[in-house]
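What follows is calculated from the coordinates using simple rules that are stated; it is not laboratory data. Here the structure is a predicted model, which means the values were calculated and not measured. Here the Cβ is made from the backbone with ideal geometry for all residues, glycine too, and neighbour counts use every protein chain on show.
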Protein chains: 2
Amino acid sequence: MKTPVCEMLGIEYPIFAFSHCRDVVAAVSKAGGLGVLGVARLTPEKLETELNWIEKEIGDRPYGVDAQIPAKLYGDEAGGLTLAELEARIPEGHRKFANDLLSKYGVPELPPGLSPDSGRNYADSREAFSRDKELALLDVALQHRIKLIASALGAPPPQLVEDAHRKGIRVAGLVGAKKHVMRHLDAGVDIIIAQSYEAAGHTGDIGGMVLVPEIVDAVAPVPVLAAGGIATGRQFAAALALGAQGAWTGSVWLTTEEAETHPILKEKLLRATSSDTVRSRAESGKPARVLRTAWTEEWDTNPASPGTLPSPLQWLLSADAYDRIERAAYSSEGARQLMGYGAGQVVGLMNQVKPVQQVIFEMVDEYLSVAQRFADVFTENGGSDR
Amino acid sequence: MKTPVCEMLGIEYPIFAFSHCRDVVAAVSKAGGLGVLGVARLTPEKLETELNWIEKEIGDRPYGVDAQIPAKLYGDEAGGLTLAELEARIPEGHRKFANDLLSKYGVPELPPGLSPDSGRNYADSREAFSRDKELALLDVALQHRIKLIASALGAPPPQLVEDAHRKGIRVAGLVGAKKHVMRHLDAGVDIIIAQSYEAAGHTGDIGGMVLVPEIVDAVAPVPVLAAGGIATGRQFAAALALGAQGAWTGSVWLTTEEAETHPILKEKLLRATSSDTVRSRAESGKPARVLRTAWTEEWDTNPASPGTLPSPLQWLLSADAYDRIERAAYSSEGARQLMGYGAGQVVGLMNQVKPVQQVIFEMVDEYLSVAQRFADVFTENGGSDR
């Protein structure tokens, strides 16, 4: 299953793992894949700590980072807005709807004076959609031994690609439709990630069976990774069959032993079926696939809902709510109903907590058994390859 | 690529082709796949003619039929409704909206007294959602040398499965989610068709990368065919990698040489991208993936739209409109904008008219090159299989 991207990045298996959790990133790189740390929810200081930890953990093995660099930002027309200015743009009715929801589901306020570093996973993420903050994070990352920068939410700035290339770092761009490809190629990316409808997070609406070969043909000879619906070796093999050079995975790591996923959320993910996700604007303001929860249902279908706000205004409401929900979820059934997270449809196949290494090895082994089945067509057993 | 379903049905390649066009059905069976005629839009008399023609054309080769047997029908609570009773339930406002749309886009009425057999492709299809008519069609089919009956829109009646099995005919059931599987297994189907979000027609919302392995695991050892997003050998290989025993295809045949697709529609399909379809209730009243057209947009997004009607009431309006649109499309730009058809996202990869045989042979050859690439992992070239 070695493809040119394996050589390009010095990895054993073309399995890329996006995670907000440094433990997962390190474990994937140690198992032969490429761990990729999502940086958007960190501060530059904390990122420095995380990357130092990862490098100590994995030694010389390669790893990468993923940044959200929005091509268009709310407030651009006003020359960019500060966090305080963004806060001021949230209408009172939306704020009230969010607060009333939390009350309705029995989620208390946070204890007064709680520090951002004390059990508030989302406090640092309130600036996640700021371009300046994202570039400051990348400045930190560029001082480290990363091998890959992935750019979500739009093509990366050409200057970033140049800086990365000067340091021998490869750049990948996520696309959800063919029409977005040119902007990335023009920016000079080395790899395109075709993110399909099935995927967690900010997705388009083209299914992977169609999107992957379409993007492969559109960008050849630039290598393509398939993202969306990949948690097992059969899906990994399908991605390679479609012409991708590797798999970009995310959801599957949320239920691994190493993942610092909130325990209640982990349980919800393990129980969820492939029908329990929804593409909703209720989390970030942009369409993103997340678990279907009371939070998404109330925003999307309650007749009293004021409708969701544009990104990042909606995210500011969600981040505040999520901190309250996480804290309350141990004791409040209502909080558990509201609790959600980005999750792909593949969540339906995630039914057991496993170590990261086991997930990787099982993907590889299952890929090999598909390959063996396919190889049989060329032997005397060719007449019956199953 | 031979799988047990090849032996079960006596076919060379596990490529199943759904089509309303007898020429396509015959050409697929002659090329080594299994042609499957959609019967829902025919009368029993015409079906008799079509099946006799196909059998004369293909000799001893196997073929099948596909029927829509709705599990639940509008009017069931009233003991079933006649066509006239259904017509009477269409509100005046909806009828007016449909007629006004046709006027707005410059589509004239049909010439007075036009017979159903004179250039009205949809006239016979107005009873397509009647259970009695569908069973009458199947009575005709059961008197022929068919090898397969596929049941869409719900599990087949157990009596039908029994009748089919007594004649050595296999029965397949289409499902769009795991929760529908048990009803089909209980009815005794021999094959499950996992129809994904990408597919044309009445689809669910789970992408193929997730749905196929999920259904394969849920029904094992019953064989599964993958439907949705399959037009090329890479996609065929991906379906087999996911654990399917074959591919159930549909859209790809619409632009073949043999297909009796309306010439203007064929052009629209060849030009369409993967983003040019929509899951809409505007055609049949149930969510179905179709080309995005002025017809779907006006029903779904025009503020003046009265909303779509339940199936089959909406279909009665669509069928009447489609006959007028087909007739006008040669000369009216408006008719061309309204003109649509069931089409999967894979329409973005259908850019050239080809003979049916070429499509099949290219699928097989491309599958074989994927298999060769996968097989290389076991040889000295294993280090670089692309």
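Please report the relative contact order for region A:97-244, taking Cα pairs under 8 Å with a sequence separation of at least 6, and give it as a percent rounded to a whole number.
Here the relative contact order equals 15 percent.
Using a 10 Å cut-off around each Cβ, can you sort A:Asp23, A:Asp66, B:Asp276 from fewest to most neighbouring Cβ atoms?
Fewest to most other Cβ atoms nearby, the residues stand as B:Asp276, A:Asp23, A:Asp66.
Taking only C-alpha pairs under 8 Å that are 6+ residues apart, what is the relative contact order of chain A in percent? List each step's numbers first, then the result.
Numbers: 752 pairs, mean separation 71.6, N = 386.
That works out to 19 percent.
On C-alpha positions alone, give me the angle between the axis of helix B:131-142 and the longest principal axis of chain B, in degrees, nearest 10.
Relative to chain B, helix B:131-142 is tipped by roughly 40 degrees.
Show the residues, 5+ positions off or on another chain, whose built amide H is closer than 5 Å to the amide H of B:Val171.
Counting only residues 5 or more places away or on other chains, the set is B:Ile149, B:Asp190, B:Ile191.
Provide A:Glu326, B:Glu283 in ascending order of the number of other Cβ atoms located within 10 Å of each residue's Cβ, fewest first.
In order of increasing Cβ crowding within 10 Å: A:Glu326, B:Glu283.
In Å, the Kirkwood hydrodynamic radius of region B:182-306 over pairs of distinct alpha carbons?
Numbers: mean 1/r = 0.0626 Å⁻¹.
Its Kirkwood hydrodynamic radius stands at 16.0 Å.
Can you give the calculated 222 nm mean residue ellipticity of the protein assembly as shown, where each DSSP H run of n ≥ 4 adds -39,500 (n - 2.57) and the sum is split over every residue, rounded to the nearest 500 deg cm²/dmol?
-12000 deg cm²/dmol
Dividing the alpha-carbon radius of gyration of chain B by 2.2 N^0.38 Å (N being the number of residues), what value is obtained?
0.98
Once the label point is set 7 Å along the Cα-to-beta-carbon vector, what list of distances in nm do you get between B:Thr82 and its counterparts in the other copies?
For B:Thr82, the inter-copy label distances come out at 7.7 nm.
Through the Karplus equation 6.51 cos²θ - 1.76 cosθ + 1.60, θ set to phi - 60°, convert the phi angles of region B:250-267 into ³J(HN,Hα) values in whole Hz; use x for Gly and Pro.
Going residue by residue, I get x, 3, 4, 7, 5, 9, 7, 4, 6, 5, 8, 5, 3, x, 5, 5, 4, 4 Hz, with x marking Gly and Pro.
On a 22 Å Cα-Cα criterion, which of the cross-link pairs A:Lys30/A:Lys147; B:Lys56/B:Lys268; A:Lys30/A:Lys354; B:Lys2/B:Lys178 come out too long?
Where the Cα-Cα span goes over 22 Å, the pairs concerned are B:Lys56/B:Lys268; B:Lys2/B:Lys178.
Once amide H atoms are placed 1.01 Å from N in the peptide plane, what residues at a sequence separation of 5 or more from A:Gly246, or on another chain, have their amide H within under 5 Å of its amide H?
A:Ala226
Could you order peptides A:257-268, A:190-201 by the average number of other Cβ atoms within 10 Å of their residues, highest first?
Most protected by this proxy first, the peptides run A:190-201, A:257-268.
What are the distances, in nm and sorted shortest first, from the label point of B:Pro303 to the label points of the same position in each other copy, with each label point placed 7 Å from Cα along the Cα-to-Cβ direction?
Distances to the matching label points in the other copies: 2.0 nm.
Quick check on the exposure proxy: order A:His180, B:His202, B:His20 from fewest to most C-beta atoms within 10 angstrom. All intermediate terms of the calculation are to be shown ahead of the outcome.
Details: A:His180 17, B:His202 21, B:His20 24.
Fewest-to-most ranking of A:His180, B:His202, B:His20: A:His180, B:His202, B:His20.
At 10 °C and 1.306 mPa s, grab the translational diffusion coefficient of region A:1-148 from Stokes-Einstein with a Kirkwood Rh over Cα pairs, rounded to a whole number in µm² per second.
Calculated translational D: 90 µm²/s.
Bin width 5 Å, alpha-carbon pairs only: give the P(r) of region A:69-209 as whole percents, running from 0 to the bin holding the largest distance.
2, 8, 13, 15, 17, 15, 13, 9, 6, 2, 0
How far is helix A:208-219 tilted off the main Cα axis of chain A, in degrees rounded to 10, range 0 to 90?
Taking Cα atoms only, the helix is inclined about 70 degrees.
Rounded to the nearest 20 debye, what is the charge dipole size of the protein assembly as shown about its Cα centre when +1 sits on each Lys and Arg Cβ and -1 on each Asp and Glu Cβ?
Here the size comes out at about 260 debye.
Considering only the label points, 7 Å along Cα→Cβ from Cα, what distances in nm to one decimal separate A:Pro111 from the same position in each other copy, shortest first?
8.5
At 7 Å along the Cα-to-beta-carbon direction for both B:Thr273 and B:Asp60, put a label point, then send me their distance in nm to one decimal.
5.0
Projecting each Cα onto the charge dipole of region A:299-386 (Lys/Arg +1, Asp/Glu -1 at the beta carbon, about the Cα centre), which of A:Gln345, A:Ser305, A:Gln357 comes out farthest on the positive side?
The Cα lying farthest towards the positive end belongs to A:Ser305.
Provide the net charge surrounding B:Val161, with neighbours chosen by a C-beta distance below 14 Å and charges set as Lys +1, Arg +1, Asp -1, Glu -1.
Overall, the nearby charge balance is 0.
Under 37 °C and 0.692 mPa s, how fast does the protein assembly as shown diffuse according to Stokes-Einstein, given a Kirkwood radius computed over C-alpha pairs? Answer in µm²/s, whole number.
Reported coefficient: 119 µm²/s.
Distance between Cα centroids, region A:304-339 to region B:183-221: provide it in whole Å.
34
Could the peptides B:243-256, A:146-159, B:301-314 be put in order, highest first, of the mean number of other beta-carbon atoms found within 10 Å of their residues? Don't skip to the end; give the middle numbers.
On the way: B:243-256: 27.1, A:146-159: 20.9, B:301-314: 16.5.
Ranked from most to least packed, the peptides come out as B:243-256, A:146-159, B:301-314.
Can you pull the one-decimal nm distance between simple spin-label points at B:Trp53 and A:Ala78, each 7 Å off the Cα toward Cβ?
Label-label distance for B:Trp53 and A:Ala78, simple model: 6.6 nm.
Suppose R0 equals 51 Å; then what is the FRET efficiency for A:Ser331 and B:Ser369 from their Cβ-Cβ distance, rounded to the nearest 0.05?
On the way: r = 58 Å, r/R0 = 1.13.
Using R0 = 51 Å, I get an efficiency of 0.30.
Note down the relative contact order for region B:158-282 as a percent, whole number, built from C-alpha pairs under 8 angstrom at least six residues apart.
For region B:158-282, the relative contact order is 17 percent.
To the nearest 10 degrees, how steep is helix B:92-104 against the longest Cα principal axis of chain B, on a 0 to 90 scale?
80
Output wanted: per-residue J couplings in Hz (rounded whole) for region B:166-174, from phi through Karplus 6.51 cos²θ - 1.76 cosθ + 1.60, θ = phi - 60°, x for Gly and Pro.
4, 9, x, 9, 8, 10, 10, x, 8
Spelling out what I want: for every residue of region A:280-285, take phi, set θ = phi - 60°, compute 6.51 cos²θ - 1.76 cosθ + 1.60 (Karplus), and round to whole Hz; glycine and proline get x.
9, 8, 5, 8, 10, x
Would you please give the residues with an amide H less than 5 Å from that of B:Gly38, counting only those at least 5 places away or on a separate chain, with H modeled from the backbone geometry?
Answer set, sorted by chain and number: B:Ser19, B:His20, B:Cys21, B:Asp66.
Would you mind listing how long region B:253-383 runs along its three principal axes, going by Cα atoms, in whole Å with the largest first?
66, 28, 23
Can you grab the distance from the C-alpha centre of region A:76-103 to the C-alpha centre of region B:116-173, Å, no decimals?
Taking the Cα centre of each part, region A:76-103 and region B:116-173 sit 57 Å apart.
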